[in-house]
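Chemist: This is the structure, below, for whatever I ask next.
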Amino acid sequence: MPIRNRIKIGDFMRGVERRNPGETEFHQAAREVAESLVPFIKKNPDYTRNQILERLTEPDRIVSFRVCWEDDDGNVRTNRGYRVQFNNAIGPYKGGLRFHPSVTLSIMKFLGFEQIFKNSLTGLPMGGGKGGSDFNPRGKSEREVMRFCQAFMTELARHVGEDVDVPAGDIGVGAREIGYMFGQHRRVQGRFTGVLTGKGISFGGSLIRPEATGYGSVYFIREVLGAAADDMAGKICVVSGSGNVAQYTVEKLTQLGGRAVTMSDSDGFVHDPDGITPEKLAWIMDLKNNRRGRMSEYAKHFKCKFYKGKKPWGVRCDVAFPSATQNELNGADAKTLVKNGVKAVGEGANMPCDLDAVHVFGDAGVALAPAKACNAGGVGVSGLEMTQNSMKLRWTREEVEEKLRDIMVDIHEQCVEFGKKGRKIDYVAGANIAGFKRVADAMVAQGVV
């Protein structure tokens with residue numbers, strides 16, 4: 001990168017860090033985007049003149065609020081809730097809600113900032129936002145989760161709406177939590193609206209929504225391999241995580257001829273060289289979704305190796321799918337994967353590769369499919385759920401999955417258009433530029449607002 005571009009990135013980042021002190025996750029997300037966008041913006045004076053990148057890194061508004069609820073023993077408990085509404089130039093704010101003890105404003109801002117680009121890439125009319133709380137659903141009773149969700153939505157309801165801001169689920173927020181929050185919103189507002197996505201099928205949810213992020217990641221990597229005259233058949237794949245995204249990534253990999261050999265949780269990972277078959281995956285889904293068990297139990301049951309406290313990036317593979325959480329794959333991990341011959345990396349989680357890893361993959365010519373492109377299938381189907389709610393209809397499973405495939409193919413084409421460099425495709429730059437351009441053009445057209 002020319003020195004003059006590095007200097008401009010440095011100037012830009014100093015401004016971001018000065019305005020947002022201590023928010024390391026947000027700084028990381030902003031820098032990763034700036035490295036791609038600063039050279040592109042230099043060629044487009046309208047974007048510079050209108051300070052588009054600077055405006056994009058400043059949320060439209062941040063809502064922080066107290067959430068008080070009562071546990072089963074009658075104790076009053078207090079948590080903090082957030083909603084970061086980042087940018088609505090192309091549609092209502094759209095992004096998940098995360099309930100986890102690690103939730104901070106920095107993480108909410110990084111996720112909301114990424115969501116701007118991700119939503120733009122889908123081609124659907126959705127702006128970027130994110131929210132959540134430091135509440136931990138794990139270990140809580142059903143009634144405690146319900147009371148918290150009701151207290152959380154009582155405050156959030158005044159800030160969201162089907163044409164204003166449409167939250168969805170994320171880590172710690174599944175169908176159960178969405179149902180409780182939807183019911184409370186209906187009670188508070190006295191209206192039945194499409195204010196949340198990821199709802200139950202019986203009250204406006206979309207088929208394929210639980211599968212969408214994992215399925216979409218695999219569809220995207222299939223396009224990446226296809227662009228290199230390759231395919232998924234026979235590929236050995238390492239997958240991290242064992243939640244919703246990882247489960248459906250493994251399911252679709254198997255359907256398309258790949259072989260997933262790892263899954264993980266916070267205790268460590270399992271390596272099953274024979275592959276996680278549909279029958280084994282069904283066992284994992286029951287373990288994780290119903291029994292709330294640990295992956296070490298899989299290793300004992302199926303007699304394979306469990307690596308306590310480890311991550312799966314040392315396992316030899318063709319494709320890696322980091323699908324657990326942010327910054328789970330660092331520069332050293334990336335070097336190991338490159339040494340072991342990895343061909344492509346598909347980010348199923350949000351920002352699972354740190355900046356060192358991004359640079360290692362880029363320097364080695366490994367195709368890195370960034371989260372804003374690779375895992376956009378989830379929000380893509382959320383957008384389709386919004387459409388079905390607005391039209392008061394429901395599409396079949398086949399119709400929704402076909403639309404999901406089309407969305408992922410289109411996102412890949414955008415990444416190729418803006419990321420092609422000779423015979424190589426820089427998917428990180430392609431996704432950043434394509435996602436940025438649609439929003440930036442809308443912001444320029446709408447004036448300084």
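Chemist: I need two numbers for the stretch 82-191: Rg to one decimal and Dmax as a whole number, Cα atoms only, in Å.
Modeler: 13.5, 40
Chemist: Continuing with the same structure: For Lys288, which lysines qualify as cross-link partners when the Cα separation must be under 22 Å and same-chain residues fewer than eight apart are set aside?
Modeler: By straight Cα distance, Lys288 reaches Lys140, Lys199, Lys252, Lys280, Lys300, Lys303, Lys305, Lys308, Lys310, Lys311.
Chemist: Under a 1.4 Å probe, what is the accessible area of the stretch 369-436 per residue, stated in Å²?
Modeler: That works out to 42 Å² for each residue.
Chemist: Then there is this: Could you state the per residue volume, in Å³, of the convex hull enclosing the Cα atoms of the chain?
Modeler: Roughly 141 Å³ of hull volume per residue.
Chemist: Do the sum for the chain: with -39,500 (n - 2.57) for every DSSP H run of n ≥ 4, divided by all residues, what is the mean residue ellipticity at 222 nm, to the nearest 500 deg cm²/dmol?
Modeler: -16000 deg cm²/dmol
Chemist: Additional query: Would you be so kind as to identify all helices of the chain, as entire DSSP H runs, whose Cα atoms reach 20 Å or more along the helix's own axis and whose mean Kyte-Doolittle hydropathy is at least -1.0?
Modeler: The answer, listed by residue number, is 3-19, 24-42, 105-122, 142-156, 175-189, 212-227, 377-391, 397-419, 427-446.
Chemist: Here's another thing I want to ask about it. So what are the three principal axis dimensions of the stretch 279-327 from its Cα atoms, in whole Å, longest to shortest?
Modeler: 28, 25, 22 Å, listed from the longest principal axis down.
Chemist: At a 1.4 Å probe, what is the % contribution of carbon and sulfur to the accessible area of the chain?
Modeler: Carbon plus sulfur share of accessible area: 49 percent.
Chemist: A follow-up question, please. Quick one: compute a quarter of the convex hull surface over the Cα atoms of the stretch 315-361 and quote it in nm².
Modeler: That works out to 2.7 nm².
Chemist: Using the heavy atoms of the protein chains alone and a 1.4 angstrom probe, what is the accessible area of the stretch 1-94 per residue in square angstrom?
Modeler: Averaged over the residues of the stretch 1-94, the accessible area is 51 Å².
Chemist: Give the peptides 38-48, 346-356 in descending order of average Cβ contacts within 10 Å, highest first.
Modeler: With the highest mean Cβ count within 10 Å placed first, the list reads 346-356, 38-48.
Chemist: Treat the stretch 271-358 as a sphere of radius equal to its Kirkwood radius over Cα pairs and apply Stokes-Einstein at 4 °C in a medium of 1.567 mPa s; give the translational diffusion coefficient in µm²/s, rounded to a whole number.
Modeler: 91
Chemist: With the crude spin-label approximation of a point 7 Å out along Cα→Cβ, what separation in nm comes out for Met391 versus Arg143?
Modeler: 4.3
Chemist: Among 273-281, 113-121, 243-251, how do they line up from the highest to the lowest mean number of other beta-carbon atoms within 10 Å?
Modeler: 113-121, 243-251, 273-281
The values are calculated or read from the model by the stated rules, or taken from the named source; none is laboratory data. These numbers were taken from a predicted model, which means no experiment stands behind them. FYI the Cβ positions are ideal-geometry reconstructions off the backbone, even for glycines, and counts take in every protein chain you see. Remember, those area values only see protein heavy atoms, side chains included, never the ligands or the DNA or RNA. Shrake-Rupley method; radii C 1.70, N 1.55, O 1.52, S 1.80 Å.
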